[in-house]
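Here the structure is laid out as structure tokens; the discussion comes afterwards.
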Amino acid sequence: MTTWDEHAQLSPGGGHIVWMSSQQLPSVLQTDYWLMDASGSNKERITFFNDAGSSEYIAGGVTSGDSAWNADGTKLVAYLIVSQQSRSGRIVMLSLTGGSRSAPAARRSGFAEGGRGAVLARGDEPGENAGRVSREAAAPLSARTKILYGVGGIGNAVRNSLLALFTVFFYTSVQGLPGSLVGMAAAIGLVSDLALDPLIGHLSDRPGFRRTRRTLMLAAAVTAGLGFWALFSPPSGLTPGGLFAWLVATSLVSRVGMAFFAIPYFALGVELSQDYQERTAVSGVRGSSSCCPR
């Protein structure tokens, strides 16, 4: 019988490879995850989703799809196809948990990869699948959570729409600033986004930032709002140079403040659930809310 082997992933430390395979299973469309050393030796099955006698069993047959290691090689994020007809599936977290066997040491007691050893549980005898891989399936999000999250996108949508519609008109027709200077101010703002947005995204994912993310997002939203108000409230009597400087300064305050809010806001939507369907629903609610002001 033909064996299906695919979706090989090298562990962070480079010592192991995980892949999905239909070995030991009655159908080529039923697959579980296997593990081996990077050299290709010590091949071993690590999940038993298709074994009726296993606590991991999922009725109907499972196709284990692509997977990805976490940074320290202790977990796998994986996609399981649980229905071949509808192609529906679920995203799960596979935790590699500690076991009692000691030989061979590198395999039973842990993966010695830069001192960050993940441990695979196994039985007391070779070939026994007493080890278990836990499936941390995400609970469905409530409609209230999705709606409240979606509301957060309205402010950014309102700001972007008003900036696109009224900035050029207000500063050229109302304030009398040359269009070339208005365009230059817009270019400066776009360049600042290009430089700052990747940095803000990097900071947003740091553990220290994530612990205070909501407080910083609130402060950033207030800063963006004040900058936006000041953008359309320049002091009277400014010279063209002064008006240009006011436009640049207030637009930068508004842009930077909104970036510190919006980038963590989008990241928060992904972190609300590990389930693909739930994440899609959250994105849909956010998109619908953003369309309301337009």
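Collect the residues in the stretch 26-53 that are surrounded by 15 or more Cβ atoms within 10 Å (Cβ to Cβ) and in a loop (DSSP other than H, G, I, E, B), keeping them in residue-number order.
Once the filter is applied, which keeps residues that are surrounded by 15 or more Cβ atoms within 10 Å (Cβ to Cβ) and in a loop (DSSP other than H, G, I, E, B), the stretch 26-53 yields GLN30, THR31, ILE46, THR47, PHE48, PHE49, ASN50, ASP51.
Only residues in the stretch 66-95 that are not assigned by TED's automatic domain parsing to the domain that holds GLN30 and at pLDDT below 85 count as the first member; pair them with residues that are assigned to a strand (DSSP E or B) and surrounded by fewer than 19 Cβ atoms within 10 Å (Cβ to Cβ), Cβ under 6 angstrom, at least 6 apart or cross-chain, and list the lot.
none
Of everything in the stretch 183-196 that's under 16 Å from SER254 (Cα atoms) and touching a helix residue (DSSP H, G or I) at 6+ places or on another chain (Cβ under 8 Å), which residue is surrounded by the most Cβ atoms within 10 Å (Cβ to Cβ)?
Our first condition is that a residue be under 16 Å from SER254 (Cα atoms); within the stretch 183-196, this holds for 185-196.
Subset that is touching a helix residue (DSSP H, G or I) at 6+ places or on another chain (Cβ under 8 Å): 185-186, 188-189, 192-193, 196.
Working: ALA185: 22, ALA186: 17, ILE188: 14, GLY189: 19, SER192: 16, ASP193: 15, LEU196: 16.
So, considering only residues that are under 16 Å from SER254 (Cα atoms) and touching a helix residue (DSSP H, G or I) at 6+ places or on another chain (Cβ under 8 Å), the one surrounded by the most Cβ atoms within 10 Å (Cβ to Cβ) is ALA185.
Residue-by-condition table, conditions (1) surrounded by 20 or more Cβ atoms within 10 Å (Cβ to Cβ); (2) touching a Phe, Trp or Tyr at 6+ places or on another chain (Cβ under 6 Å); (3) in the same structural domain as PHE232 (by TED's automatic domain parsing):
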position: VAL248; (1), (2), (3): no, no, yes
position: SER251; (1), (2), (3): yes, no, yes
position: SER254; (1), (2), (3): yes, yes, yes
position: PHE260; (1), (2), (3): yes, no, yes
position: PRO264; (1), (2), (3): yes, no, yes
position: VAL270; (1), (2), (3): no, no, yes
position: ALA281; (1), (2), (3): no, no, yes
position: VAL285; (1), (2), (3): yes, no, yes
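Please state which of the following conditions VAL18 fails to meet, knowing it meets all the rest: (1) in contact (Cβ under 8 Å) with a residue 12 or more places away in the chain; (2) in contact with a Phe, Trp or Tyr (Cβ under 8 Å, 6 or more places away or on another chain); (3) part of a loop (DSSP other than H, G, I, E, B).
Condition (3) is where VAL18 drops out.
Residues of the stretch 238-255 being over 43 Å from the mean Cα position of the chain (by Cα) and in a helix (DSSP H, G or I), which ones?
Applying the first criterion (over 43 Å from the mean Cα position of the chain (by Cα)) to the stretch 238-255 yields 238-241.
The answer is PRO240, GLY241.
Within the stretch 167-225, count every residue that is farther than 21 Å from PHE266 by Cα and either aromatic (Phe, Trp, Tyr) or outside the structural domain of PRO240 (by TED's automatic domain parsing) (or both).
Going through the stretch 167-225 one residue at a time, the tally reaches 3.
Mind checking whether some residue in the stretch 202-224 is farther than 27 Å from SER288 by Cβ, surrounded by 16 or more Cβ atoms within 10 Å (Cβ to Cβ) and in contact (Cβ under 8 Å) with a residue 12 or more places away in the chain?
The answer is no; no qualifying residue exists.
I'd like the full set of residues that are within 22 Å of TYR276 (Cα to Cα) and among the β-branched types (Val, Ile, Thr), limited to the stretch 36-86.
The answer is THR47, ILE58, VAL62, THR63, THR74, VAL77, ILE81, VAL82.
Taking the condition of being out of contact with any Pro (no Cβ under 9 Å at 6 or more places or on another chain), among the aliphatic types (A, V, I, L, M) and touching a residue at least 24 places away in the same chain (Cβ under 8 Å), how many residues in the stretch 1-15 meet it? Don't jump to the end; show me each part of the working.
Here is the first cut: in the stretch 1-15, the ones out of contact with any Pro (no Cβ under 9 Å at 6 or more places or on another chain) are 2-15.
Subsequent filtering for residues that are among the aliphatic types (A, V, I, L, M) retains 8, 10.
Those still in the list that are touching a residue at least 24 places away in the same chain (Cβ under 8 Å) too: 10.
Total meeting the criteria: 1.
Name the single residue that is surrounded by the most Cβ atoms within 10 Å (Cβ to Cβ) among those in the stretch 126-151 being of a type in the set (Gly, Ala, Ser) and modelled with pLDDT under 85. Outline the logic, then answer.
Residues of the stretch 126-151 of a type in the set (Gly, Ala, Ser): 127, 130-131, 134, 137-139, 142-143, 150.
Within this subset, residues satisfying the condition of being modelled with pLDDT under 85 are 127, 130-131, 134, 137-139.
Values: GLY127: 8, ALA130: 12, GLY131: 21, SER134: 15, ALA137: 13, ALA138: 17, ALA139: 9.
Per the stated criteria, the residue is GLY131.
Which count do you get for residues in the stretch 20-46 that are β-branched (Val, Ile, Thr) and either farther than 16 Å from LYS75 by Cα or not assigned by TED's automatic domain parsing to the domain that holds ASP66 (or both)? Talk me through it step by step, then tell me what you get.
Taking the stretch 20-46 first, the residues β-branched (Val, Ile, Thr) are 28, 31, 46.
Narrowing further to those that are either farther than 16 Å from LYS75 by Cα or not assigned by TED's automatic domain parsing to the domain that holds ASP66 (or both): 28, 31.
So the count comes out to 2.
Right, LEU162: surrounded by 14 or more Cβ atoms within 10 Å (Cβ to Cβ) and over 29 Å from the mean Cα position of the chain (by Cα) or not?
Values: surrounded by 14 or more Cβ atoms within 10 Å (Cβ to Cβ): yes; over 29 Å from the mean Cα position of the chain (by Cα): yes.
Here the answer is yes, as LEU162 does meet what is asked.
The values are calculated or read from the model by the stated rules, or taken from the named source; none is laboratory data. This one's a predicted model, so the numbers in the text were calculated from it and none came from an experiment. Here Cβ is always computed from backbone atoms with ideal geometry, including for glycine, and neighbour counts include all displayed protein chains.
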